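One structure below.
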Amino acid sequence: MEEHDFNIAAVSDLHLSQGWDPLTGRIHPLEDFFFDTSFARFLMWLDEESLLNRRKWRLVIAGDMVDFLQIISLPEDDVFTLRSRERDYGLGTSTAKTIWKMGVMARGHKVLFRALGRFIASGHRLVVISGNHDAEWSIPEVQEAFREVMSGFLPTGDLDRNRIVREGITFCPWFYYEPGLAWIEHGHQYDGINSFDWFLHPWLPDSDELMLPAGSFFVRYLFNKVEQADPFADNIKPMSVYLRKYALRLFSSGKIRQGLRSFLNILGKVKGFKEEKRKALEEQQCQKMFREAERFGIARTDLEAVRRLWIPCHLYNKGFAANVRSFFTTEDVNRYQHTAAALHKIVKTPYIIFGHTHEADLQPLSGVAGGEYVNCGSWTKIFYENPTDRLIKSEQEFVFVRILKNGGAKMELMAWRDDLRQGERVKLFA
């Protein structure tokens, strides 16, 4: 098949972490995704639909497939030399440590990865886009390690495993783009708490560790401790309301207070880089950005214009007080729609698709004829403080975007109904 012949199914924000403990059969308290069998049935349904539509699927995971920040187990032997903070908060972001964490994740989600293995062995494609919780996909060695892991989850039999994982799995460090059809990215680059100034080259200067934004340090040092006490804290939206309501109760815990001190210490310690370092990072970023432009057939000037829509990383560009306030400020829900409208004017695709917010959405783009902003929500469970929100948002769980190309492209925002073993249109309320 030609690459443009695939129908598209886009999902986002699975947040796979440690999953099921193979010894105890219990789910780790930091795990937000416990729907492996539901997702496996979803993939089986896509495969059945491909027979009816006579087209294979390109499954695009639009960021945060894995939550490397919430894989905190440590190896039992002396594989790594651990820093003191790693003993308290989990391994860092170096290549070897990321690959080790990925192995932990895969062992905890065997049902899901066996289903993915069957899916790509059947001729479908998997596209993995980097998000703010899995920026580690930018590391080539991590990509190769994932392909090796996936080869072990392919069905038994006489298969050309190397060819299947090479052809079947693609990594996109920023976006996936089909001219005249769809632009898909995670969307965190338009959120200063979670954006990276050099997302295509996210390494700290002279280091093998990643340059994480404030939101990542918040998860690593503070919120992981909160979730160990309250496992569903991360599933309550909006986060700012949760923090304001439960701050006093949470911070009665010594471990959470210790995490808060570590987090505030990071906010106060991190500074911007000197011009020489910034210039070197910018050169690396531009080289990789232009490779993406060539890969997808986008003019360099257009991709530079999209990059100018990014919001600078708060951690490296704002002061301590402004960074702290950001975590207690309710997010502007219209920001992503406005960004999508600006992005559409540059890339000219009818569909601009984000994830990141965990809020499924479908809106016509203001002032753009035929353009639509779509958010493919999340596959994690979400609990809302407001009873009305609870009723409305329960209709939007396990969301995916479907683009069928038979007889012209048709896009729908769907939800997987595991009880019916099929997808149905998402019910969005005014």
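The values are calculated or read from the model by the stated rules, or taken from the named source; none is laboratory data. Small disclaimer: the values here were computed from a predicted structure and weren't measured. Methodologically, a virtual Cβ is constructed for each residue, glycine included, from the backbone with ideal geometry; neighbour enumeration extends over all protein chains shown.
Numbers for the structure displayed
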| quantity | calculated |
| --- | --- |
| Qualifying residue in region 133-153 (condition: among the charged types (D, E, K, R) and over 20 Å from the mean Cα position of the chain (by Cα)) | yes |
| Where residue 310 falls short, out of the listed (1) out of contact with any Phe, Trp or Tyr (no Cβ under 6 Å at 6 or more places or on another chain); (2) more than 27 Å from residue 178 (Cβ to Cβ) | (2) |
| Failed condition for residue 58, given (1) among the charged types (D, E, K, R); (2) touching a Phe, Trp or Tyr at 6+ places or on another chain (Cβ under 6 Å); (3) surrounded by fewer than 20 Cβ atoms within 10 Å (Cβ to Cβ) | (3) |
| Residue pairs meeting the criteria (Cβ under 8 Å; at least 6 apart or on separate chains; first within 18 Å of residue 9 (Cβ to Cβ), in region 183-200; second of a type in the set (Asp, Glu) and buried (at least 24 other Cβ atoms within 10 Å of the Cβ)) | 186/64 |
| Qualifying residue in region 194-205 (condition: more than 28 Å from residue 353 (Cβ to Cβ) and modelled with pLDDT under 90) | no |
| Subset of region 125-138 (residues that are surrounded by fewer than 22 Cβ atoms within 10 Å (Cβ to Cβ) and of a type in the set (Val, Ile, Thr)) | 127 |
| Residues of region 140-165 classified as modelled with pLDDT under 95 and either among the β-branched types (Val, Ile, Thr) or part of a strand (DSSP E or B) (or both), total | 1 |
| Any hit, region 166-178, residues being surrounded by 20 or more Cβ atoms within 10 Å (Cβ to Cβ), acidic (Asp, Glu) and in a helix (DSSP H, G or I) | no |
| Residue check for residue 273: over 27 Å from residue 181 (Cα atoms) and either aliphatic (A, V, I, L, M) or surrounded by 14 or more Cβ atoms within 10 Å (Cβ to Cβ) (or both) | yes |
| Lone qualifier among 256, 266 - being of a type in the set (A, V, I, L, M), at pLDDT below 85 and either out of contact with any strand residue (DSSP E or B) (no Cβ under 8 Å at 6 or more places or on another chain) or assigned to a helix (DSSP H, G or I) (or both) | 256 |
| Search result, residues across region 76-109 that are of a type in the set (A, V, I, L, M), touching an Asp or Glu at 6+ places or on another chain (Cβ under 9 Å) and closer than 19 Å to residue 14 by Cα | 99, 102, 105 |
| Selection count where residues are in a helix (DSSP H, G or I), out of contact with any Phe, Trp or Tyr (no Cβ under 6 Å at 6 or more places or on another chain) and modelled with pLDDT of 90 or more, scope region 1-49 | 11 |
| Qualifying positions in region 186-217 - closer than 14 Å to residue 138 by Cβ and in contact with an Asp or Glu (Cβ under 8 Å, 6 or more places away or on another chain) | 186, 198, 200, 203, 210, 211 |
| Tally of residues being β-branched (Val, Ile, Thr) and in a helix (DSSP H, G or I) across region 112-139 | 1 |
| Candidate set from region 180-227 (those that are under 17 Å from the mean Cα position of the chain (by Cα), in a strand (DSSP E or B) and not aliphatic (A, V, I, L, M)); member that is surrounded by the most Cβ atoms within 10 Å (Cβ to Cβ) | 185 |
| Pairs, first surrounded by 14 or more Cβ atoms within 10 Å (Cβ to Cβ) in region 324-345, second of a type in the set (S, T, N, Q) and not in a loop (DSSP other than H, G, I, E, B), C-beta under 6 Å, six or more apart | 337/363 |
| Residue in region 17-34 that is more than 25 Å from residue 130 (Cβ to Cβ), surrounded by 18 or more Cβ atoms within 10 Å (Cβ to Cβ) and over 19 Å from the mean Cα position of the chain (by Cα) present | yes |
| Subset of region 350-408 [of a type in the set (Val, Ile, Thr), surrounded by fewer than 20 Cβ atoms within 10 Å (Cβ to Cβ) and either at pLDDT 70 or above or part of a helix (DSSP H, G or I) (or both)] | 388, 392 |
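Residues are listed down the side, and each one gets a yes or a no for (1) in contact (Cβ under 8 Å) with a residue 24 or more places away in the chain; (2) more than 11 Å from residue 171 (Cα to Cα); (3) among the aromatic types (Phe, Trp, Tyr):
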site	(1), (2), (3)
114	yes, yes, no
120	yes, yes, no
140	no, no, no
144	no, no, no
153	yes, yes, yes
